[in-house]
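The structure appears below as structure tokens.
The values are calculated or read from the model by the stated rules, or taken from the named source; none is laboratory data. Remember, it's a predicted structure, so these values are computed and weren't measured experimentally. Because the Cβ atoms are built from the backbone with ideal geometry, glycine has one as well, and the counts that use them run over all protein chains shown.
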């Protein structure tokens with residue numbers, strides 16, 4: 001995939017995450033430049049549901065824009081730059097406030113996968129609390145220092161919850177980042193309801209998480225969802241192979 | 001903004017709050033006349049999803065109509081007149097029965113913000129119970145005395161829950177009133193689920209509330225949501241700046 | 001209103017209750033023949049969302065069809081006939097399985113109004129359990145004896161929950177029956193969430209129920225919702241007066 | 001019904017279960033070949049919402065494809081083959097991850113019917129845990145040994161929950177399999193909410209389950225839902241008889 005194809009896919013991903021309500025008017029998804037790993041692509045500051053290719057800007061890993069073209073960047077671009085810097089394996093990142101997972105973000109409950117398709121979130125999703133290190137802030141990740149702190153919490157994992165805010169997800173591709181975000185939210189919804197029932201929860205074992213996570217990271221699984229989501233969001237795609 | 005532009009924006013806001021289901025067939029949003037702070041604009045009694053510019057009437061701060069043109073006014077216009085009277089800084093008000101926040105209105109739980117975007121609701125949303133002062137009523141705010149009582153509960157704040165009824169939200173602009181209402185509802189939903197889980201909730205600190213509230217009151221944040229909501233509701237808008 | 005107008009309104013009501021998801025593929029709404037109080041109109045057995053004027057049949061108060069025209073009647077028409085017989089003031093009835101109120105129907109929790117607009121359900125909604133008198137059945141109300149038993153539980157009230165099944169609502173008009181059903185469901189949803197939170201619930205007082213119930217039974221309130229629901233369901237209506 | 005008609009109905013059923021969100025991008029529904037009970041029809045691996053007649057493949061009861069035509073089969077086809085083998089009365093099977101029933105699948109709560117229309121699920125829906133016999137896996141049913149184990153848990157019943165995964169439903173026809181799946185999900189939703197309320201649940205008695213289950217297995221009931229679901233999913237159907 002070259003840079004131009006990556007930008008096209010990123011525009012589609014914005015449309016999809018809005019359609020699936022993984023984001024509301026806020027949140028953002030980015031992709032590392034496949035032609036230059038020291039750069040990433042991100043929309044200007046705009047609701048994801050409205051983003052087009054023309055809105056996409058390029059940033060370096062300090063989250064400095066290469067050329068703003070007079071547009072306003074997202075103030076939280078540091079989430080992305082810092083995580084790309086610390087994780088060369090990560091090719092796409094989605095920061096979201098998916099409404100259904102927020103109850104876990106306000107209770108500081110670390111999340112583990114209980115669903116086979118949610119194995120892609122990894123063994124446990126840690127909670128990052130900006131207040132622990134930065135005290136009273138406006139809650140946004142607006143500096144490289146904050147971004148580095150969040151990236152350290154993500155560590156080698158797939159995601160972190162952000163206390164009082166939402167989550168961040170790291171994928172090996174744009175489709176992977178959307179897929180993980182979708183099943184992170186579903187896992188949260190299911191856990192919240194199960195906790196409300198007061199019944200003990202059976203989580204996936206580490207072995208199940210490894211094996212089911214690997215399976216659901218393959219193109220066969222993720223491509224099936226992607227074709228479906230494109231169709232739901234009214235986006236024409238080449239047929240499934 | 002002149003009076004005519006305020007009326008246009010008010011008609012759009014009616015469409016948006018209906019589309020977002022912040023109101024059902026009941027509830028209303030108003031704007032202070034920018035050309036005359038002793039007057040406000042409000043639709044005739046009609047479901048917000050159907051309101052057009054032709055439905056908008058003008059009232060003085062006693063909630064007396066300037067010219068009814070044969071139309072029926074909302075009986076709860078006193079919510080608005082009294083709050084505009086007590087709060088010169090308030091330029092728009094939304095009274096709603098958003099279904100998702102009603103569980104808090106029947107349990108008399110005072111709400112505090114737990115989400116960064118909900119910082120706009122202020123430190124705590126008090127609950128006003130019409131029965132405390134007025135005994136058994138039909139639950140509607142239909143006199144200036146009742147409206148003054150509710151306005152006193154709102155005080156210098158952004159909102160109040162109304163026991164067994166809904167909420168009222170005070171904004172510095174139409175967009176602000178809609179934004180606060182949207183995140184008031186989301187904060188309620190998240191708290192209700194978190195309480196059901198039986199986990200301790202981490203609220204925003206007062207400092208976080210101040211800083212995140214200020215940030216989310218800016219045009220950069222609110223304009224992004226407004227552009228998105230207009231698009232979702234099928235309303236053409238000038239492009240985002 | 002003559003019989004022909006009643007039939008037209010009944011067809012519209014079927015469309016609306018399906019659009020509002022007050023019914024799924026099952027459930028039914030009926031209207032007493034305004035030209036002959038010993039008869040009522042009801043669709044043939046069909047999902048409410050598909051009912052047209054051509055599907056409407058006439059029944060006497062024993063729920064015997066006047067002329068089936070080769071069509072299949074609902075087997076639960078006795079719910080309607082028996083309630084019209086016992087309650088001359090009732091002009092329309094809605095039997096539904098609205099999904100959101102079913103948790104109350106499986107826990108046998110008698111429901112009281114906690115929301116001002118739900119005052120129309122009356123002081124308390126009793127639960128009728130078919131098993132109490134009829135033992136093990138297929139759960140359907142398929143005889144006049146069963147219908148009389150259910151009507152006795154409704155008594156002079158507005159509604160009854162039916163254990164393991166749904167609810168029945170009695171209105172003074174088609175619009176009233178739909179309005180009560182809508183707010184019965186909302187009241188159920190709100191109570192279920194409030195109970196899950198474990199917080200004490202503040203119900204409307206009897207005086208509030210009387211006064212707010214009367215207010216929300218007026219054409220001014222119900223007509224506003226009706227105009228809105230017709231619009232949402234894509235039904236052209238004369239403008240609001 | 002001949003094989004060609006069965007394939008047409010299966011394509012429609014795929015569209016319907018996607019529209020009703022009984023499946024997301026995963027899950028599958030199959031039908032036994034009415035012309036050869038040792039074979040069944042199933043789509044190639046694709047999101048159900050996108051399946052057309054051209055995607056349908058034929059398999060024997062070992063889940064070996066008769067002719068793949070270069071297409072990729074679902075890896076979990078063994079769920080279907082093994083259940084058709086053990087249950088000559090079963091003509092259609094739906095495997096799904098309906099989101100709303102998943103909280104029961106992660107708590108290993110055996111489900112009983114509490115709603116009259118859910119009597120079609122039988123007295124109790126057992127939970128199958130792949131780990132009990134197969135240890136750490138990727139959670140998918142990808143061998144005949146696994147499929148036989150799941151089929152043994154279903155036994156003579158209508159369904160089984162699959163721990164951490166979803167459910168499988170066995171019907172006497174395609175319409176029956178969809179109907180059971182729909183009300184299995186609704187029963188799960190209602191039980192989850194009722195458990196959250198902390199109120200004791202009244203389940204259907206065995207006699208009620210038998211009688212209401214029989215009634216809701218008849219063409220009169222299921223055809224009414226089918227006509228409705230076809231209409232909702234935009235599928236033209238012959239008129240209801």
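Could you tell me whether residue D:169 is under 26 Å from residue D:3 (Cβ atoms), within 13 Å of chain A (Cβ to nearest Cβ) and buried (at least 24 other Cβ atoms within 10 Å of the Cβ)? Steps first, please.
Details: under 26 Å from residue D:3 (Cβ atoms): yes; within 13 Å of chain A (Cβ to nearest Cβ): no; buried (at least 24 other Cβ atoms within 10 Å of the Cβ): yes.
No.
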Q) Of the residues that make up the stretch D:212-233, is at least one under 14 Å from residue C:102 (Cα atoms), touching a residue at least 40 places away in the same chain (Cβ under 8 Å) and in a loop (DSSP other than H, G, I, E, B)? A) no
Q) Of the numbered conditions (1) touching a helix residue (DSSP H, G or I) at 6+ places or on another chain (Cβ under 8 Å); (2) surrounded by fewer than 22 Cβ atoms within 10 Å (Cβ to Cβ); (3) within 11 Å of chain D (Cβ to nearest Cβ); (4) over 17 Å from residue B:102 (Cβ atoms), residue C:133 satisfies every one except a single condition; which is it? A) (3)
Q: Would you check if residue C:27 is within 11 Å of chain D (Cβ to nearest Cβ) and farther than 28 Å from residue C:185 by Cα?
A: no
Q.
Scan the stretch A:174-193 and tell me whether some residue there is within 14 Å of chain D (Cβ to nearest Cβ), assigned to a helix (DSSP H, G or I) and free of Cβ contacts under 8 Å to residues at least 24 places away in the same chain.
A. yes
(Q) I want to confirm something. Restricting to the stretch B:218-234 and keeping residues that are closer than 24 Å to residue B:52 by Cβ and either within 8 Å of chain A (Cβ to nearest Cβ) or touching a strand residue (DSSP E or B) at 6+ places or on another chain (Cβ under 9 Å) (or both), which single residue is surrounded by the most Cβ atoms within 10 Å (Cβ to Cβ)? (A) B:229
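Which fully enclosed strands (runs of 3 or more DSSP E) of the stretch C:36-100 have 3 or more residues being without any contact (Cβ under 8 Å) to a residue 24 or more places away in the chain and at positive phi? Before the answer, list the steps.
Numbers: elements: C:39-43, C:56-60, C:92-96.
Counting at least 3 such residues, we get no strands (runs of 3 or more DSSP E) at all.
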Q: Would you mention how many residues in the stretch A:198-217 are at the interface with chain D (Cβ under 8 Å from one of its Cβ atoms) and buried (at least 23 other Cβ atoms within 10 Å of the Cβ)?
A: 2
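For residues in the stretch D:101-119 being assigned to a helix (DSSP H, G or I) and within 12 Å of chain C (Cβ to nearest Cβ), which is surrounded by the most Cβ atoms within 10 Å (Cβ to Cβ)? Before you say what the answer is, go through the steps one by one.
Here is the first cut: in the stretch D:101-119, the ones assigned to a helix (DSSP H, G or I) are D:101-107, D:116-119.
If we keep only those that are within 12 Å of chain C (Cβ to nearest Cβ) as well, we get D:116-119.
Working: D:116: 29, D:117: 27, D:118: 31, D:119: 27.
Among them, the one singled out is D:118.
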Q | Odd one out for residue A:238, checked against (1) at pLDDT below 95; (2) at positive phi | A | (2)
**Q.** Single condition residue D:18 does not satisfy, out of (1) modelled with pLDDT under 95; (2) within 29 Å of residue D:192 (Cβ to Cβ)
**A.** (1)
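Would you say residue C:137 is modelled with pLDDT of 95 or more and over 30 Å from residue C:5 (Cα atoms)? Outline the logic, then answer.
Details: modelled with pLDDT of 95 or more: yes; over 30 Å from residue C:5 (Cα atoms): yes.
In short, yes.
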Q: Evaluate the stretch D:2-18: report whether one residue or more is in a loop (DSSP other than H, G, I, E, B) and either surrounded by 21 or more Cβ atoms within 10 Å (Cβ to Cβ) or within 11 Å of another protein chain (Cβ to nearest Cβ) (or both).
A: no
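Tell me yes or no: at least one residue of the stretch D:83-98 is within 14 Å of another protein chain (Cβ to nearest Cβ), under 22 Å from residue D:214 (Cα atoms) and either surrounded by 20 or more Cβ atoms within 10 Å (Cβ to Cβ) or over 15 Å from the mean Cα position of the chain (by Cα) (or both).
Initially, the stretch D:83-98 is screened for residues within 14 Å of another protein chain (Cβ to nearest Cβ), giving D:95-98.
With the extra rule that they be under 22 Å from residue D:214 (Cα atoms), the set shrinks to none.
No, because not a single residue in the stretch D:83-98 is within 14 Å of another protein chain (Cβ to nearest Cβ), under 22 Å from residue D:214 (Cα atoms) and either surrounded by 20 or more Cβ atoms within 10 Å (Cβ to Cβ) or over 15 Å from the mean Cα position of the chain (by Cα) (or both).
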Q | Single unsatisfied condition, residue D:157 versus (1) in contact with a strand residue (DSSP E or B) (Cβ under 9 Å, 6 or more places away or on another chain); (2) facing chain C (nearest Cβ under 8 Å); (3) without any contact (Cβ under 8 Å) to a residue 60 or more places away in the chain | A | (2)
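Which one of these is within 12 Å of chain D (Cβ to nearest Cβ) and in contact (Cβ under 8 Å) with a residue 12 or more places away in the chain: C:146, C:162?
On the way: C:146 fails: within 12 Å of chain D (Cβ to nearest Cβ).
Going through C:146, C:162 in turn, just one is within 12 Å of chain D (Cβ to nearest Cβ) and in contact (Cβ under 8 Å) with a residue 12 or more places away in the chain: C:162.
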